[in-house]
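Peer 1: Mind having a look at this structure? Questions to follow.
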Amino acid sequence: QVQLVESGGGLVQAGGSLRLSCTASTSLFNFNYMAWTRQIPGNQRDLVASITSGGDTNYADSVKGRFTISRDNGKKTVYLQMNSLKPDDTAVYSCTAVMGKNVYWGQGTQVIVSS
């Protein structure tokens, strides 16, 4: 069973930075792609950033230029570096990984950005 464990969330002031980590229980090369999503309770889940097994990245317009997704294959970890945080970035951030037809999710980590 694939497990994804996120860490790095917390409370930060607007303009600050956080780095989220998602560590997988298996090699990242097993996944077609991995992504970070976020959700505000009662709202839909939105894609924040994704990275393919080949390293191609994609970002939501709202985070372009502020967030960076990266991967460390040796550590089996995907990161989301979040800079210039805004109160609108407050949400539960989740890591997801796609392996063929299977989709795996982490437990989520809370990010709160105070104004």
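The values are calculated or read from the model by the stated rules, or taken from the named source; none is laboratory data. It should be emphasised that the depicted structure is a prediction, and the values quoted were computed from it without experimental measurement. Quick reminder, even Gly has a Cβ in these numbers, built from the backbone with ideal geometry, and neighbours come from all protein chains shown. Note: areas computed on protein heavy atoms with side chains; ligands, DNA, RNA excluded. Shrake-Rupley method; radii C 1.70, N 1.55, O 1.52, S 1.80 Å.
Peer 1: Could you go through segment 47-55 and let me know if any residue there is open to solvent by 50 Å² or more (accessible area, probe 1.4 Å), of a type in the set (Val, Ile, Thr) and at pLDDT 95 or above.
Peer 2: No: zero hits.
Peer 1: When Val103 is evaluated against the numbered criteria (1) β-branched (Val, Ile, Thr); (2) part of a loop (DSSP other than H, G, I, E, B); (3) over 18 Å from Gly9 (Cβ atoms), which criterion, by number, is the only one it fails?
Peer 2: Every listed condition holds for Val103 apart from (2).
Peer 1: Taking segment 26-46 on its own, how many of its residues are basic (Lys, Arg) and open to solvent by less than 80 Å² (accessible area, probe 1.4 Å)?
Peer 2: 1
Peer 1: Tell me, please, whether a residue that is aliphatic (A, V, I, L, M), over 10 Å from the mean Cα position of the chain (by Cα) and open to solvent by 20 Å² or more (accessible area, probe 1.4 Å) can be found in segment 100-112.
Peer 2: Yes - at least one qualifying residue is present in segment 100-112.
Peer 1: Another one. So the check is Cβ under 8 Å with 6+ separation or different chains; which pairs have a first residue in segment 73-102 that's more than 11 Å from Val48 (Cα to Cα) and at pLDDT 95 or above and a second one that's basic (Lys, Arg) and not in a strand (DSSP E or B)?
Peer 2: Close Cβ pairs (under 8 Å, with a partner that is basic (Lys, Arg) and not in a strand (DSSP E or B)) amount to Asn83/Arg66; Ser84/Arg66; Leu85/Arg66.
Peer 1: Then there's this: When you check Tyr59 against the structure, is it closer than 20 Å to Thr23 by Cβ and aromatic (Phe, Trp, Tyr), yes or no?
Peer 2: So Tyr59 fails the test.
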